Every structure is written in structure tokens, then in C-alpha cells.
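The values are calculated or read from the model by the stated rules, or taken from the named source; none is laboratory data. The model shown is predicted, which means the values in this text are computed figures rather than measured ones. Reconstructed Cβ throughout: ideal geometry from the backbone, glycine too, with neighbour counts over all protein chains shown. For the accessible areas, the whole protein counts, side chains as well, though only heavy atoms, and no ligand, DNA or RNA atoms are used. Shrake-Rupley method; radii C 1.70, N 1.55, O 1.52, S 1.80 Å.
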Amino acid sequence: MAAEKEFTATSFNAFLNEHKLMASRCAKCNAVYLPPRPLCTSCYSVDMTWAPLKGRGRLTAYTVIAVGPTFMVEEGYDREHHYCSGIVRMEEGPSINARILDVDVKRPDAIKIGTPLEVCFLSRGDGAGKKTFLAFRPAG
């Protein structure tokens, strides 16, 4: 049950494995945090609850990456095969960094700030080694 999980990266990643985008919400002032945190930085309350997000937002910043970290190179990204990473402002308010799919990385100028996005989940591996990563793609 969501209410029983601690507000940690491990819990957040477990929700991603279930294809759920969850944030923490302050029960006192209603502030929403993504990734989740156990302490509200607005009112300093520790009375936090899990809050499911709709998975819709808008692109607020991005970069196209040609030289990525090892795990991205292992997925096939390199100087010839770029990928996009961006900041997405969720409808509920918080922002998060994630991979942006289905955009033209060969023409970064064609990627537009303000583009409506929807969540998608990238699963890698099987069984206990399965990991799910957060990503977004243009809505519709």
C-alpha cells in the first residue's frame, strides 16, 4: 500500500516499476514534491502523503546529449545517436528531469519549450534486475 512506503528514492523507483508516477504531498500546506521527499520545505511539516500524478506536463528546458554516461552508451547512445533530456513541469506543479522521447534530436531547434508531454515508462531488464526509468513524450 502506498501510504506504508517511506518517502525515498527506493520507494519512488518501486512505484516507477509499477508504472505509477507518485509524488509526496504535504498534508498541512498541500505542497507537492517530485521526486518525493519526507519533509515539506514550505512549512517544514513531516506529515507527508503519497500523491499519484496525472502524468501530464510541459517541457520547460531541454538539452540534446551526444556524449552520455556509461549506462546510456550501453543503450546505444553516442556521438552519432543522441538523446534528449529535459525538465518537465507537471500539471500538479512540481518539475522533474527525465528523458524526452519522440523528438527530433538531429534538429534540436525543432524541439519547443512549452510542448505538452505525457509520461511513459522505460523498463530494462527482467525479474529482480528489472528497472524502470521515467520518460516523457509529446502528448497525443
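Results, tabulated for the structure shown:
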read-out	value
Pairs, first at positive phi in the range 88-115, second open to solvent by 30 Å² or more (accessible area, probe 1.4 Å), C-beta under 7 Å, six or more apart	Asp102/Arg137; Asp102/Pro138; Gly114/Arg58
Any chance Thr49 is closer than 19 Å to Phe7 by Cα and in contact with a helix residue (DSSP H, G or I) (Cβ under 6 Å, 6 or more places away or on another chain)	no
Residue among Cys84, Cys29 that is without any contact (Cβ under 8 Å) to a residue 24 or more places away in the chain and either of a type outside the set (Phe, Trp, Tyr) or not in a helix (DSSP H, G or I) (or both)	Cys29
Selection from the range 53-64 of residues that are open to solvent by 40 Å² or more (accessible area, probe 1.4 Å) and not in a strand (DSSP E or B)	Lys54
Residue list for the range 33-52, restricted to those being open to solvent by 60 Å² or more (accessible area, probe 1.4 Å), of a type outside the set (Lys, Arg) and in a loop (DSSP other than H, G, I, E, B)	Pro35, Pro38, Leu39, Thr41, Ser42, Tyr44, Val46, Asp47
Residue under evaluation Phe133, criteria (1) in contact (Cβ under 8 Å) with a residue 24 or more places away in the chain; (2) farther than 28 Å from Glu6 by Cβ, criterion not met	(2)
Qualifying positions in the range 36-54 - small (Gly, Ala, Ser) and within 12 Å of Lys20 (Cβ to Cβ)	Ala51
Identity of the residue in the range 65-94, open to solvent by 40 Å² or more (accessible area, probe 1.4 Å) and at pLDDT 95 or above, that ends up farthest from Pro116 (Cα to Cα)	Glu92
Selection from the range 95-114 of residues that are within 25 Å of Ser24 (Cα to Cα) and either open to solvent by 60 Å² or more (accessible area, probe 1.4 Å) or outside any strand (DSSP E or B) (or both)	Asn97, Gly114
